[in-house]
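Accompanying notes for the structure given below.
The values are calculated or read from the model by the stated rules, or taken from the named source; none is laboratory data. Remember, predicted model here, so these are calculated numbers, not experimental data. Ideal geometry is used to build each Cβ from the backbone, glycine not excepted, and the neighbour counts take in all protein chains shown. Accessible surface is based on the protein model in full, side chains and every heavy atom, while ligands, DNA and RNA are left aside. Shrake-Rupley method; radii C 1.70, N 1.55, O 1.52, S 1.80 Å.
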Amino acid sequence: MNTAQQIHYTAFAEDVLEGLTAKKKHLSSKYFYDDNGSQIFRQIMKMPEYYPTNCELEILSWQSDAILDKIAFSGNFNIVEFGSGDGTKTKQLLQAFLNKNANFTYMPIDISEEAILILEESMLAALPKLKMESRIGDYFDVLEDIAKEETPNLFLFLGSNIGNYKKEEAFRLLQMFASGMKKGDKLLLGIDLQKSPRIIQKAYDDPHGITKAFNMNLLHRINRELDADIAIDQFDFYCHYNPENGEVNSYLYSLAKQRFYSRVLNKSFTFEKNETIWTELSKKYSFTEIEELASRLNFKVIENFLDGKQYFTDSLWEK
């Protein structure tokens, strides 16, 4: 096992121990994405009920020219991306910018060198004329270096990732991004919008059981990585959308009074019947909330770019 795996493994063990001994049990959604979880999430993105991916892809496929016009940088600029994933959506934006002969350098940031190498190979195969300067490291360490440079920047935080943070956590995260930005820098932020509660509920509690499998994979992962004996069939999945605050909260819950043991943690965990484990928040924003959040952070909203159904926005902000 290499050092990176050991650190990751230890963090998972510590977070599971903390989460399952808390008064209100919880597991971090960042642990959804092991190999199996990532494969299940790719299935989620293909479901007709799960709209965010296709809505954002539509925006970036059809409105990238308009986004470039609104950015209005006169000369060379950087496109700095936090968490680019496989880069599918970003390619749409970069291709449109290259077609318009925009003079930019693409700078994805990731703590994983392997993830960056895979992204570079994929991006340069699709866009051979792309100027690319990847940065490996913690977002905020890299931001400090970028902030010292005079070149203006467009920062990308796509994919509605901001929705996975509670209100004050989202503010603090964007505040840290903002601290690495100069006046006049831009931020393109993917945000899922409030809409019909039935549409949102189906997207996060689908009739195919794929989202359930995605959540249950956390229990499989505990069994596998922490040598535990969880009876998976004694748990079920539930999620709830509250249209008053725009929050989808997801849970695993125990179907019986039970206990399980982890050899790695050398600890038993007990559950009451119907006791829950909170797994994820997915917050949906109103346009008023977007304006208020931007204003608190000393940004100006230049434009909210929308898909045809107005389910999703890539919101362009200026520092």
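Here are a few things to note about the model shown:
- Being in a helix (DSSP H, G or I) and either within 29 Å of residue 277 (Cα to Cα) or among the charged types (D, E, K, R) (or both) holds for only one residue in 67, 59, 44, 116, and it is 44.
- Neighbours by Cβ (under 7 Å, 6+ apart or cross-chain): first from segment 134-161, within 23 Å of residue 61 (Cα to Cα) and among the hydrophobic types (A, V, I, L, M, F, W, C); second open to solvent by less than 60 Å² (accessible area, probe 1.4 Å) and assigned to a loop (DSSP other than H, G, I, E, B): 155/181; 155/185
- Residues of segment 301-319 that are out of contact with any Ser or Thr (no Cβ under 9 Å at 6 or more places or on another chain), within 15 Å of residue 185 (Cα to Cα) and open to solvent by 10 Å² or more (accessible area, probe 1.4 Å): 318, 319.
- Any hit, segment 93-105, residues being touching a Pro at 6+ places or on another chain (Cβ under 8 Å) and of a type in the set (Gly, Ala, Ser): no
- Residue in segment 79-90 that is in contact with a strand residue (DSSP E or B) (Cβ under 9 Å, 6 or more places away or on another chain), open to solvent by 40 Å² or more (accessible area, probe 1.4 Å) and not in a helix (DSSP H, G or I) present: no
- Residue check, residue 251 at pLDDT 95 or above, among the hydroxyl-bearing types (Ser, Thr, Tyr), surrounded by fewer than 16 Cβ atoms within 10 Å (Cβ to Cβ) and in a strand (DSSP E or B): no
- Candidates in segment 283-300 are the residues that are closer than 30 Å to residue 218 by Cβ and open to solvent by 10 Å² or more (accessible area, probe 1.4 Å); of these, the one that is nearest to the chain's Cα centre (by Cα) is 283.
- Verdict on residue 256 being crowded, with 16+ Cβ neighbours inside 10 Å and among the small types (Gly, Ala, Ser): no
- Of residues in segment 161-183 being open to solvent by less than 50 Å² (accessible area, probe 1.4 Å) and farther than 21 Å from residue 71 by Cβ, the one nearest to the chain's Cα centre (by Cα): 163
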